[in-house]
Amino acid sequence: MHWIGQNTLPFYLLHIIVLEALQLGLLGFHFPYTNIVLIDAPMLFFSAFTLSAVIIYALKKVPYVNQLIG
């Protein structure tokens with residue numbers, strides 16, 4: 001929880017890119033929509049959050065990029 005709190009700005013900046021990539025199929029697959037909001041919204045949230053967290057964690061390991069994104 002503390003790590004998420006420290007990385008709110010990178011999450012904010014990256015989540016829209018991840019959402020667009022999921023919707024356009026840029027990651028090699030299209031996000032499966034069921035037209036049921038109670039299923040689609042949590043699935044989209046957890047997948048976007050997880051992908052954003054993995055990308056941020058990986059970028060934080062690169063020394064100069066770590067200073068750039070905080």
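The values are calculated or read from the model by the stated rules, or taken from the named source; none is laboratory data. Remember, it's a predicted structure, so these values are computed and weren't measured experimentally. Cβ sites come from the backbone with ideal geometry, for glycine too, and all protein chains shown count toward neighbours. Quick note on the areas: whole protein, heavy atoms, side chains included, nothing else; ligands and nucleic acids left out. Shrake-Rupley method; radii C 1.70, N 1.55, O 1.52, S 1.80 Å.
In this structure segment 1-59 gives 73 Å² per residue of accessible area when probed at 1.4 Å with all protein chains present. Taking amide hydrogens as placed 1.01 Å from N in the peptide plane, the amide H of PHE31 sits under 5 Å from those of GLY25, each at least 5 positions away in sequence or on another chain.
Could you work out how far helix 8-24 tilts from the main Cα principal axis of the chain, as a 0 to 90 degree angle to the nearest 10? Relative to the chain, helix 8-24 is tipped by roughly 40 degrees. Sequence-distant contacts, meaning Cα pairs under 8 Å at least 6 residues apart, place the relative contact order of the chain at 36 percent. Ranked by the mean number of other Cβ atoms within 10 Å of their residues, highest first, the peptides 32-41, 16-25 fall in the order 16-25, 32-41. Rolling a 1.4 angstrom probe over the chain with all protein chains present gives an accessible area of which 74% lies on carbon and sulfur atoms. Potential lengthening of the chain between LYS61 and SER47 amounts to 2.9 nm, from the contour at 0.36 nm per residue minus the alpha-carbon distance.
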